[in-house]
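Shown next, in structure tokens, is the structure this report addresses.
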Amino acid sequence: MRRSPLLSVFAMVLASSACGSSGTSTVDPNLGGFLTNGTFKATINGTAWSPIGAVVVSRVSGSLSMLASSTTYAMTIVVLNANAGTYSLNASPSNGSHASVSSAGQSGWNTGNTGGVGSVVITTLTSNHAVGTFSFDAPASGASTPATLHVTSGTFDITY
């Protein structure tokens, strides 16, 4: 049975909050939600994108998972055995690290799909702070359009 990437994103949010992801957020009534816990942004198919709310971060068994969402997309980046360094998000050969993006009404996109390529560069990683860059091309899962999502100029500097 194939699972929806959006369902996977929400499962990660629940799992991350249950795993004790820390950090504080301040409610801003002008935004109608939570302020971010740093920066997390990218360009998706030529359009600037940034999340609304705090980036959910999970550090479990040496892996780093980050989830950020906006009104247009939810993005998850997972790096296995994370330390400072460069990590491949390529579908083949896969090391298990990957990036996925979903949007309402779409199946989503994932670098783990055939043809997926990209990388994450982590420059700083401590028990409560992660800094780095990312870019990737993620082929669609199912009938999502466009067929490939191009994510460029990605940066993160988050406290958790």
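Overview of values
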| quantity | calculated |
| --- | --- |
| Long-range HN-HN contacts of Asn81 with modeled amide H, under 5 Å | Ser63, Leu64 |
| Cα-based shape type of the stretch 82-133, given that a ≥ b ≥ c are square roots of the gyration tensor eigenvalues and the cut on a/c is 1.5 | oblate |
| For Ser144, residues with placed amide H under 5 Å, excluding near neighbours | Ser107, Gly108 |
| Ranked by how many other beta carbons lie within 10 Å on average, peptides 138-147, 54-63 from highest | 54-63, 138-147 |
| Normalised contact order of the stretch 38-108, rounded percent, pairs of Cα under 8 Å and 6 or more residues apart | 21 percent |
| C-alpha center-to-center spacing [the stretch 58-101, the stretch 137-160] in angstrom | 11 Å |
| Cα gyration tensor shape of the stretch 73-160, rounded if a/c is under 1.5, else prolate or oblate by comparing a/b with b/c | prolate |
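Every number in this text was worked out from the coordinates using simple rules, so none of it is lab data. Quick caveat: nothing in here was measured; it's all calculated off a predicted structure. All Cβ positions, even for glycine, are placed from backbone atoms using ideal geometry, and neighbour counts span all protein chains on display.
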